[in-house]
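Engineer: The structure is given below, and queries will be raised subsequently.
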Amino acid sequence: MCAIQKIGAEKVQWAQHFINQGFDVLEHILKQTAEKYCVGDEISMADICLVPQVAERFKVDMSQFPTIRRLNQTLIEIDAFKATHPSCQPDTPDDLQL
């Protein structure tokens, strides 16, 4: 059983806590490296990994992470990212689908 299943009713708060901690650090790094994408003007592995983390499953307040929010918004407009977005996967719960 994964950790998030063990947490039960508090899983959203638990996930938000750890996502916020990671995004605090990532926001600081991206302020130094980001241009159009996470590292300059070419899509990299950092961009590919960013979009699933920003998925809205745990309702993280993205207003405190403007760089991450901007990059994610740019990326999800690209067809390849639209097609592979976590909310578009066959096993996505109905309430999280686009």
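Just so you know, all these numbers are worked out from the coordinates, no wet-lab data involved. If you're wondering where the values come from, they're calculated on a predicted model, not measured in any experiment. Don't worry about glycine lacking a Cβ; one is built from the backbone with ideal geometry, like all the others, and counts go over all protein chains shown.
Engineer: Would any residue of segment 56-71 have its amide N under 14 Å from a label point 7 Å out along Cα→Cβ of N20? List them or say none.
Structural biologist: 58-65
Engineer: Could you give the Stokes-Einstein D for segment 11-87 in µm² per second, using the C-alpha Kirkwood radius, 4 °C, 1.567 mPa s?
Structural biologist: Translational diffusion coefficient: 102 µm²/s.
Engineer: For V12 paired with Q64, estimate the spin-label separation in nm (one decimal), with each label point 7 Å from Cα along the Cα-to-Cβ line.
Structural biologist: Label at V12, label at Q64, 1.7 nm between them.
Engineer: Which cross-chain or sequence-distant (5 or more) residues have an amide H under 5 Å from the amide H of Y37, H modelled 1.01 Å from N in plane?
Structural biologist: E42
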